[in-house]
1. Any residue at all in the range 130-139 that is of a type outside the set (A, V, I, L, M) and within 21 Å of Lys27 (Cβ to Cβ)?
2. Considering each residue of the range 106-124, count those that are under 22 Å from Ser149 (Cα atoms) and either of a type in the set (Ser, Thr, Tyr) or under 13 Å from the mean Cα position of the chain (by Cα) (or both), and give that number.
3. Conditions first: (1) touching a helix residue (DSSP H, G or I) at 6+ places or on another chain (Cβ under 9 Å); (2) charged (D, E, K, R); (3) part of a loop (DSSP other than H, G, I, E, B); (4) touching a residue at least 40 places away in the same chain (Cβ under 8 Å). Lys100 passes all but one, so which condition is the exception?
4. Restricting to the range 76-89, name every residue that is within 14 Å of Pro26 (Cα to Cα) and not aromatic (Phe, Trp, Tyr).
5. Would the range 90-102 turn up any residue that is under 24 Å from Leu24 (Cα atoms), assigned by TED's automatic domain parsing to the domain that holds Val76 and among the acidic types (Asp, Glu)?
6. Kindly indicate the residue of the range 69-93 that is of a type outside the set (Gly, Ala, Ser) and surrounded by fewer than 10 Cβ atoms within 10 Å (Cβ to Cβ) and also farthest from Tyr103 (Cα to Cα) among those meeting that condition.
7. Could you tell me whether any residue of the range 144-158 is in contact with a Lys or Arg (Cβ under 6 Å, 6 or more places away or on another chain) and loosely packed, with under 12 Cβ neighbours inside 10 Å?
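The values are calculated or read from the model by the stated rules, or taken from the named source; none is laboratory data. Small disclaimer: the values here were computed from a predicted structure and weren't measured. A quick note on method: Cβ atoms are made from the backbone with ideal geometry, for glycine too, and the neighbour counts reach across all protein chains shown.
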Amino acid sequence: MSGSTSLSEEASVSSDPDSEVIALSPKSLMTTNRFVCEVCNKGFQRDQNLQLHRRGHNLPWKLRQKNPKEVVKKRVYVCPEPSCVHNHPSRALGDLTGIKKHYSRKHGEKKYRCDKCSKRYAVVSDWKAHSKTCGTREYKCDCGTIFSSFFFMILLALAESKLEYTSVILSMERQFHHSQSLL
């Protein structure tokens, strides 16, 4: 499932040759709790949270402190999918959340389905954003058919030659002016 890259993904593409390139397997990339307590097997998303948890077991723990003398390389993440453009270090994404969302959107299973239009999503935030606006804009053709997209209404009208060219233009103008008055 390859597709075009979103603007947010493009913005995080690395061009810094000194960056530390991190390549994770699909399994480790998509795991939610990467840091696991060896006593109770409870999982945590961050090492710091695990270290704080270890205190409860009276185990040795340490929180990493930033060393002002230490040079920290910027981390960039490559997509584990070999055929993906973001699999190359020059097109790596700048943060772990970004690469997770990219991998889910472009290569992952689309588990979340809109109840109104049945469109499927791999990322919960995409599904929630879509659900807020799905079905809120309707475009009614002169023949009575309702469309969720103005473009599809015109496309179908032209494809089926139900409307003459001038009728399509008039319908487009009415719909445009009506949608602008609602704003």
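1. Keep residues of the range 130-139 that are of a type outside the set (A, V, I, L, M), which gives 130-139.
Of the ones still in play, those that are also within 21 Å of Lys27 (Cβ to Cβ) are none.
The answer is no; no qualifying residue exists.
2. Filtering the range 106-124 for residues under 22 Å from Ser149 (Cα atoms) gives 112-121.
Those left that are additionally either of a type in the set (Ser, Thr, Tyr) or under 13 Å from the mean Cα position of the chain (by Cα) (or both): 112, 118, 120-121.
Counting residues in the range 106-124 that are under 22 Å from Ser149 (Cα atoms) and either of a type in the set (Ser, Thr, Tyr) or under 13 Å from the mean Cα position of the chain (by Cα) (or both) gives 4.
3. (3)
4. If we filter the range 76-89 for residues that are within 14 Å of Pro26 (Cα to Cα), which is where we start, we get 77-84, 86-87.
Hits for the range 76-89 are Val78, Cys79, Pro80, Glu81, Pro82, Ser83, Cys84, His86, Asn87.
5. Quick first cut of the range 90-102, residues under 24 Å from Leu24 (Cα atoms) only: 90-102.
Narrowing the set further to residues that are assigned by TED's automatic domain parsing to the domain that holds Val76 leaves 90-102.
When the remaining residues are screened for being among the acidic types (Asp, Glu), the result is 95.
Scanning the range 90-102, I find at least one residue that is under 24 Å from Leu24 (Cα atoms), assigned by TED's automatic domain parsing to the domain that holds Val76 and among the acidic types (Asp, Glu), so the answer is yes.
6. Lys69
7. As a first pass, look at the range 144-158 and keep what is in contact with a Lys or Arg (Cβ under 6 Å, 6 or more places away or on another chain): 146.
Adding the requirement that they be loosely packed, with under 12 Cβ neighbours inside 10 Å leaves 146.
Yes, there is a match, as at least one residue in the range 144-158 is in contact with a Lys or Arg (Cβ under 6 Å, 6 or more places away or on another chain) and loosely packed, with under 12 Cβ neighbours inside 10 Å.
This table checks each residue for (1) modelled with pLDDT of 85 or more; (2) under 28 Å from the mean Cα position of the chain (by Cα).
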| site | (1), (2) |
| --- | --- |
| Glu38 | yes, no |
| Asn41 | yes, no |
| Gln51 | yes, no |
| Arg54 | yes, no |
| His57 | yes, no |
| Asn67 | no, no |
| Lys74 | yes, yes |
| Asp95 | yes, yes |
